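Colleague: Take this structure, written in structure tokens, and hold onto it; I'll ask about it next.
None of the figures in this text is laboratory data; all of them are computed from the coordinates on show. Computed from a predicted model, the values in this text were never measured in an experiment. Please note: Cβ atoms are built from the backbone with ideal geometry, for glycine as well, and neighbour counts cover all protein chains shown.
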Amino acid sequence: MKVVNFISLLIIPIFILFTVLYGFFKKVRVYDSFVSGAKDGITVVIKIFPYLLAIFIAVKSFQGSGAFDFLKELPDRYGAFAFLNVPIEVISISIIKPLSGSASTAIFTDIVKNTGPDSPATRISAVIMGSAETTFYILAVYLGAVGIKKTKYLIPVCVISDIAGIIISILIVKLLF
């Protein structure tokens, strides 16, 4: 264990040293390249900020309006997913994961605290966390960064793939555990 800790402390300094030495031998002005990249980074941040703000406001509005709580309780009220015996906590993480990575991490933490680390809800939620994407965040950032406006089939395909990934996650955990 001490060896792993020692190696993990050295990885970043070794990587930085390797980068500087590689640049030196390739005759690249490493510091100037770094500064140029940092300038470009600020430009990208300014360019995508409106899209990030829009997705943040959309997620908070979704949660604040009560729509998230309504959708989370809907399957429990009407018995949907009863045939799969899916815990209600899984529904909440399935709804929020495509919208926000940090919100889904907070929900996942609550699931682990409330149901335990080896519960079906935690296992399914962990697989969803690892296999689903924060679709709307990614779309807002990447499409905003490159200025793509026409997304005719992109959002429906992404939502369908999120739903498929969540269903497959549930089935895989049910089969393996």
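Colleague: Report, ordered by chain and residue number, the aspartates and glutamates lying within cross-link reach of LYS149, taken as a straight Cα distance under 16 Å and ignoring same-chain residues fewer than 8 apart.
Modeller: Output for LYS149: empty list, no partners.
Colleague: Sticking with this structure for a sec: Who wins for biggest fluctuation among VAL146, VAL20, VAL112 in a Gaussian network model of the chain, springs between alpha carbons below 10 Å?
Modeller: The residue with the greatest mean-square fluctuation here is VAL20.
Colleague: In nanometres, what is the gap between the two model label sites at SER119 and THR151, each 7 Å from Cα along Cα-to-Cβ?
Modeller: So the label points at SER119 and THR151 sit 3.4 nm apart.
Colleague: Which entries of LYS152/LYS174; LYS60/LYS113; LYS97/LYS174; LYS26/LYS47 show an alpha-carbon separation above 25 angstrom in the structure shown?
Modeller: Details: LYS152/LYS174 35 Å; LYS60/LYS113 23 Å; LYS97/LYS174 20 Å; LYS26/LYS47 32 Å.
In this structure, LYS152/LYS174; LYS26/LYS47 lie more than 25 Å apart at Cα.
Colleague: What is the dipole size for the chain, taken about its Cα centre, with +1 at each Lys and Arg Cβ and -1 at each Asp and Glu Cβ, in debye to the nearest 20? Before the final figure, lay out the partial values.
Modeller: On the way: 16 positive and 10 negative charges, 140 e Å.
Using only the charged Cβ atoms, the result is roughly 680 debye.
Colleague: If you don't mind, there's one more thing I want to ask. Just from its helices, what would the mean residue ellipticity at 222 nm be for the chain, if runs of 4 or more DSSP H residues each count -39500 (n - 2.57) and the sum is divided by every residue, rounded to the nearest 500 deg cm²/dmol?
Modeller: Values: 8 runs with 142 residues, N = 177.
After summing the helix terms and dividing by the residues of the chain, the value is -27000 deg cm²/dmol.
Colleague: At a threshold of 8 angstrom on Cα-Cα distance, excluding pairs fewer than six apart, so keeping six or more, what relative contact order does the chain reach in percent?
Modeller: Numbers: 114 pairs, mean separation 36.5, N = 177.
Relative contact order here is 21 percent.
Colleague: Ok, one more. What are the DSSP H helices in the chain that stretch 20 Å or more along their long axis, judged by alpha-carbon atoms, and whose average Kyte-Doolittle hydropathy comes to at least 0.0?
Modeller: Numbers: long enough: 2-25 (34 Å, 2.17); 30-64 (47 Å, 1.06); 101-115 (21 Å, 0.31); 154-176 (32 Å, 2.48).
Those that clear 20 Å and a mean of 0.0 are 2-25, 30-64, 101-115, 154-176.
Colleague: Specify which labelled value, from (1) 35, 18, 16; (2) 25, 17, 15; (3) 38, 25, 14, agrees with semi-axes √(5λ) of the Cα gyration tensor in Å derived from the coordinates of the model shown.
Modeller: Computed from the coordinates, semi-axes √(5λ) of the Cα gyration tensor in Å corresponds to (3).
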